[in-house]
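To start, the structure itself, in structure tokens.
The values are calculated or read from the model by the stated rules, or taken from the named source; none is laboratory data. Computed from a predicted structure; not experimentally measured. Here the Cβ positions follow ideal geometry from the backbone for every residue, glycine too, while neighbour counts run over all protein chains shown. Keep in mind that these areas ignore ligands, DNA and RNA; they rest on the heavy atoms of the full protein, side chains included. Shrake-Rupley method; radii C 1.70, N 1.55, O 1.52, S 1.80 Å.
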Amino acid sequence: MSTAIQTLIDGPAGPLEIAFQQPATAATALALICHPHPVHGGTMDNKVVQTLAKAFLELGYATMRFNFRGVGKSAGSFDEGIGETEDAAAALAWARAQVSPSLPLIAAGFSFGCFVQSRLLPRSQPQQLVLVGPAVSRFQLAEVPKDTLVVHGEEDDVVPLDAVMTWARPQGLPVTVFPGTGHFFHGRLTELKAVVKRNCRL
């Protein structure tokens, strides 16, 4: 049986709501997952975020989801990604304290969460970065590692696929495109989980 902890930890803006889960056997990696835009209803219980967490748990990794400041029981208010990066750093530090410090890290984000993970990169230095529906048309994402897994819907009406290709092209970055799929991967979450599992075996 896997073990799940949903609690409040000390965050940079006050209490930070987290959901941490360990696999039934000793974790072989740690996955930090960042949710979509707080102002537009994004939470750690978003279906894509939960799908990412399930994929990583099935691979035998410990998973950390959390609510950015001002979401759910997390204190504070939206801070344009700046404070949210500190929230992510606090969640990561807490999760790291629960597992072996030598475990490799997977940093995953959905939409706005991709922007936060890109800002945290210099500090987190993950072994694998996973960006689903990266909000490159709304936020300035830094250059990312060449082995980053980028997944996007062909018919994304929030972040146009063209914008993602324009961002990825100068980096020579492959993009996995789900045909006929929108921003939230409705009806395609099972396939999304399979793609993540296939590409994130450390």
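Just for segment 143-162: of the residues that are open to solvent by 60 Å² or more (accessible area, probe 1.4 Å) and in a loop (DSSP other than H, G, I, E, B), which one is modelled with the lowest pLDDT? Working first, answer last.
Of the residues in segment 143-162, the ones open to solvent by 60 Å² or more (accessible area, probe 1.4 Å) are 143, 146-147, 154-155, 157, 160, 162.
Restricting the remaining residues to those that are in a loop (DSSP other than H, G, I, E, B) gives 143, 146-147, 154-155, 157, 160.
Numbers: 143: 92, 146: 95, 147: 96, 154: 98, 155: 98, 157: 96, 160: 98.
Checking each candidate, the answer is 143.
What pairs come out if I take residues in segment 73-101 that are open to solvent by 20 Å² or more (accessible area, probe 1.4 Å) and pair them with residues that are part of a helix (DSSP H, G or I) whose C-beta lies under 6 Å away, six or more apart or interchain?
That search, which allows pairs on different chains as well, returns 78/38; 78/39.
Return the residues of segment 163-184 that are open to solvent by less than 30 Å² (accessible area, probe 1.4 Å) and in contact with a Lys or Arg (Cβ under 8 Å, 6 or more places away or on another chain); say none if nothing qualifies.
Within segment 163-184, 171, 173, 178, 181 meet the criteria.
Would you say residue 53 is within 19 Å of residue 125 (Cα to Cα), within 17 Å of the chain's Cα centre (by Cα) and buried (at least 16 other Cβ atoms within 10 Å of the Cβ)? Don't jump to the end; show me each part of the working.
On the way: within 19 Å of residue 125 (Cα to Cα): no; within 17 Å of the chain's Cα centre (by Cα): yes; buried (at least 16 other Cβ atoms within 10 Å of the Cβ): yes.
No.
Out of the residues in segment 21-50 that are of a type in the set (Val, Ile, Thr) and either crowded, with 17+ Cβ neighbours inside 10 Å or in contact with a Leu (Cβ under 6 Å, 6 or more places away or on another chain) (or both), which is nearest to residue 109 (Cα to Cα)? Working first, answer last.
Here is the first cut: in segment 21-50, the residues of a type in the set (Val, Ile, Thr) are 25, 28, 33, 39, 43, 48-49.
Right, trim to either crowded, with 17+ Cβ neighbours inside 10 Å or in contact with a Leu (Cβ under 6 Å, 6 or more places away or on another chain) (or both) and you get 33, 43, 48-49.
Values: 33: 5, 43: 12, 48: 9, 49: 8 Å.
Out of the qualifying residues, it is 33.
Name, by its number, the condition in (1) assigned to a loop (DSSP other than H, G, I, E, B); (2) under 28 Å from residue 190 (Cα atoms); (3) open to solvent by 60 Å² or more (accessible area, probe 1.4 Å) that does not hold for residue 4.
Failed condition: (1).
Could you say which residue among 13, 62 is small (Gly, Ala, Ser), open to solvent by less than 60 Å² (accessible area, probe 1.4 Å) and in contact with an Asp or Glu (Cβ under 8 Å, 6 or more places away or on another chain)?
Values: 62 fails: in contact with an Asp or Glu (Cβ under 8 Å, 6 or more places away or on another chain).
Unique residue meeting the criteria: 13.
Could you tell me whether residue 139 is among the aromatic types (Phe, Trp, Tyr), open to solvent by less than 30 Å² (accessible area, probe 1.4 Å) and in contact (Cβ under 8 Å) with a residue 24 or more places away in the chain?
Numbers: among the aromatic types (Phe, Trp, Tyr): yes; open to solvent by less than 30 Å² (accessible area, probe 1.4 Å): no; in contact (Cβ under 8 Å) with a residue 24 or more places away in the chain: yes.
So residue 139 fails the test.
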